Amino acid sequence: MRILIVYHSDYGSTEKMAQAIAAGASASQPNCHISTKQAAETGLDDLQQADVIFFGTPVHMGSMAWQMKKLVDETSKLWMENVLEGKVGGVFATGGGLGSAGGGIEQTLISLHSNFLEHGMIVVGFPKSLPSYADAGLQWGVAARTSNHEGMPQGINESALVAARSYGAHVAAMAAHILGFDL
């Protein structure tokens, strides 16, 4: 099974979350091949070759970072040919700004889900039974607050990374089951 984790990171928090998701996926499915790539360095061929795709982004003014949106827009070429149909997807985001989770984080996760669903992908959410859901989870995926109460970057905390690892393990296990890699 080939897992691709695509992200954009401004201050390193989203990158740390991507690494934690990779660690969780690897622990769950030790025989899988995992790649992490910045959105700006990800080509359409990378998406085509993956069985499982994660998209992660910081929230920018209530939505995904433009670097991730650019990649999402480029996938319309794959949509025309149903290339991503049947692949498994998961999403994650980091949010600063004001508000308990960072304004726009839920909307950002839903937007990423919407893109995957438009491609005919199978999207895996984040069940509340997983470790650290209460700290950095939403049913859509991992959502970590990465700023202080004044909206200034403070980095990602360990409980959010635990949530990311548990989500990575969960999505990888579900993908192995759905795609028949656990037989």
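The values are calculated or read from the model by the stated rules, or taken from the named source; none is laboratory data. What you are looking at is a predicted structure, and each value in this text was computed from that prediction instead of being measured. Heads up, the Cβs are rebuilt from the backbone with ideal geometry, glycines too, and the neighbour counts pull from every protein chain shown.
Points worth noting:
- Residues (more than 22 Å from residue 3 (Cα to Cα), touching a residue at least 40 places away in the same chain (Cβ under 8 Å) and not in a loop (DSSP other than H, G, I, E, B)) located in the range 101-143: 105, 107
- In the set 72, 6, only one residue is within 28 Å of residue 151 (Cα to Cα), among the β-branched types (Val, Ile, Thr), outside any loop (DSSP other than H, G, I, E, B) and without any contact (Cβ under 8 Å) to a residue 60 or more places away in the chain; that residue is 72.
- If you check 106, 118 for being over 12 Å from the mean Cα position of the chain (by Cα), at pLDDT below 95 and acidic (Asp, Glu), only one passes: 106.
- Per the listing 164, 160, the residue uniquely farther than 30 Å from residue 76 by Cα, among the aliphatic types (A, V, I, L, M) and buried (at least 18 other Cβ atoms within 10 Å of the Cβ) is 160.
- Residue pairs whose Cβ atoms lie under 9 Å apart, separated by 6 or more positions or on different chains, with the first residue in the range 162-183 and in a helix (DSSP H, G or I) and the second of a type in the set (Lys, Arg), are 164/16; 175/87; 179/87.
- Test result for residue 61, in contact with a helix residue (DSSP H, G or I) (Cβ under 6 Å, 6 or more places away or on another chain) and in contact (Cβ under 8 Å) with a residue 40 or more places away in the chain: no
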